[in-house]
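Remarks on the structure that follows.
The values are calculated or read from the model by the stated rules, or taken from the named source; none is laboratory data. Everything numeric in this text was worked out from a predicted model, so none of it was measured. A quick note on method: Cβ atoms are made from the backbone with ideal geometry, for glycine too, and the neighbour counts reach across all protein chains shown.
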Amino acid sequence: MKAAARFSADWLALREPFDAAARERSAALVRRLQARRPEDGPWRVIDLGCGTGANLRWLAPRLGGPQQWLVVDRDASLLRRWSAQPGFTRRPDGGLRRDTPGGPVEVRRQRADLAIDTDLDALPWRAAHLITASALLDLAGAAWLQRLAALAATSRAALLFALNVDGRHRWTPADAGDARVAHLFAAHQRRDKGLGPALGPQAAFVFAQHLRERGWRVSLARSDWWIGPGSSPADSGPMQRAMVDGMARAAIEQAPAGAATVTAWQHRRLDAAAHGALRVGHVDLLALPPR
Ligand SMILES: C[S@@+](CC[C@H](N)C(=O)[O-])C[C@H]1O[C@@H](n2cnc3c(N)ncnc32)[C@H](O)[C@@H]1O
């Protein structure tokens, strides 16, 4: 079933601090990237499926130095929100710029569909030092990941793909309905979101395999969300409730006949949200081109 997935700015804003905290757990990958800082000019970065800019907000300060980002998304409403990017000024050509002690960070926005046979091939792959995305790979299908690996091979860029779900969910306290909902949610995750029937939790590992076969040096590191007591941000209630509602909605869409069971699970989970916790497994991928 194909339905271009939409991601609301509210959802992206709600998850961003959890993403940021999760990425601290895989920060060793970025430290390896820092060693590849270009000597003769700015980092040239392509951010695929950029949303409202969470990847740039986390990564740009850690990359350091002058940077030129091309940020790409098919959703014009999310791209428009970049105009209010904190600390950036808008230039007459629509680009954005922020002056930092390490040098300017410049951003150019491009509305493009990344599906195969649309705008994907035309991106400036050869000019990039870094191709990155956050929360994108698990939306992609097998053919798209093959294509991405082939396009990456035409460049000498490093690849950093963060926050790819790996299928692990652990609720505390456990509920008898968790496994059923997780099963339906996983099936829903594998629907076609516009980049082919999604590989969901397998995507990062399949992509890693394609790259290794092409001689890339691939490293994976966990970047799990922790949503519960002691999490950052401290008030995890809204995020936990959004996860419960989102999983229930997907499970019911996947198996409408089981709606009553899922709704009962949803109510128990919402009741438990104030004292419960959820760990969601993610994996980040860093790939360096063959020497
Ligand atoms: C889960 S969101 C992640 C957004 C952002 N990277 C972040 O971490 O907040 C996935 C993003 O990919 C974009 N996207 C999905 N499929 C796309 C496609 N075929 N072409 C371009 N953008 C796409 C969506 O519009 C959305 O902004």
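Could you grab me the full set of residues in segment 87-118 that are over 22 Å from Ala287 (Cα atoms), touching a residue at least 24 places away in the same chain (Cβ under 8 Å), within 15 Å of the ligand (Cβ to nearest atom) and surrounded by fewer than 19 Cβ atoms within 10 Å (Cβ to Cβ)?
The answer is Gln110, Arg111, Ala112, Asp113.
Within segment 41-78, restricting attention to residues that are within 13 Å of the ligand (Cβ to nearest atom) and farther than 15 Å from Ala133 by Cβ, which residue is surrounded by the most Cβ atoms within 10 Å (Cβ to Cβ)?
Ser77
I want to confirm something. Restricting to segment 258-291 and keeping residues that are assigned to a loop (DSSP other than H, G, I, E, B) and within 30 Å of Val30 (Cβ to Cβ), which single residue is nearest to the chain's Cα centre (by Cα)?
If we filter segment 258-291 for residues that are assigned to a loop (DSSP other than H, G, I, E, B), which is where we start, we get 273-276, 289-291.
With within 30 Å of Val30 (Cβ to Cβ) added as a condition, the list becomes 289-291.
Numbers: Pro289: 21, Pro290: 25, Arg291: 27 Å.
Among them, the one singled out is Pro289.
Is it the case that Ser223 is away from the ligand (no atom under 14 Å from the Cβ), among the polar types (S, T, N, Q) and within 15 Å of Asp19 (Cα to Cα)?
On the way: away from the ligand (no atom under 14 Å from the Cβ): no; among the polar types (S, T, N, Q): yes; within 15 Å of Asp19 (Cα to Cα): yes.
For Ser223, the condition - away from the ligand (no atom under 14 Å from the Cβ), among the polar types (S, T, N, Q) and within 15 Å of Asp19 (Cα to Cα) - is not met.
If Asp19 satisfies all but one of (1) under 18 Å from Phe161 (Cα atoms); (2) free of Cβ contacts under 8 Å to residues at least 24 places away in the same chain, what's the number of the condition it fails?
Every condition holds for Asp19 apart from (2).
Pairs under 7 Å by beta carbon, first residue touching a residue at least 24 places away in the same chain (Cβ under 8 Å) in segment 26-52, partner part of a loop (DSSP other than H, G, I, E, B) and within 16 Å of the ligand (Cβ to nearest atom), six or more apart or different chains?
These pairs meet every condition: Ser26/Ser223; Ile46/Leu123; Leu48/Leu114; Leu48/Leu136; Gly49/Leu114; Gly49/Leu136; Gly51/Phe7.
Quick check: is even one residue across segment 99-112 touching a Leu at 6+ places or on another chain (Cβ under 6 Å), among the β-branched types (Val, Ile, Thr) and in a loop (DSSP other than H, G, I, E, B)?
Taking every residue of segment 99-112 in turn, none turns out to be touching a Leu at 6+ places or on another chain (Cβ under 6 Å), among the β-branched types (Val, Ile, Thr) and in a loop (DSSP other than H, G, I, E, B).
Return the residue satisfying two criteria in turn: it lies in segment 144-198 and is within 13 Å of the ligand (Cβ to nearest atom) and of a type in the set (D, E, K, R), and of such residues it is modelled with the lowest pLDDT.
This residue is Lys193.
Only one residue in Ala251, Ala234, Ala242, Ala255 is more than 17 Å from the chain's Cα centre (by Cα), of a type outside the set (Phe, Trp, Tyr) and either at positive phi or crowded, with 18+ Cβ neighbours inside 10 Å (or both), so which one is that?
None of the other options fit; the residue is Ala251.
I'm trying to understand the selection: among the residues of segment 125-143, which are within 13 Å of the ligand (Cβ to nearest atom), in a helix (DSSP H, G or I) and farther than 13 Å from Leu114 by Cα?
Answer for segment 125-143, where residues must be within 13 Å of the ligand (Cβ to nearest atom), in a helix (DSSP H, G or I) and farther than 13 Å from Leu114 by Cα: just Asp138.
Right, Leu14: within 10 Å of the ligand (Cβ to nearest atom), hydrophobic (A, V, I, L, M, F, W, C) and either touching a Ser or Thr at 6+ places or on another chain (Cβ under 6 Å) or in contact (Cβ under 8 Å) with a residue 12 or more places away in the chain (or both) or not?
Values: within 10 Å of the ligand (Cβ to nearest atom): no; hydrophobic (A, V, I, L, M, F, W, C): yes; either touching a Ser or Thr at 6+ places or on another chain (Cβ under 6 Å) or in contact (Cβ under 8 Å) with a residue 12 or more places away in the chain (or both): yes.
Answer is no for this residue.
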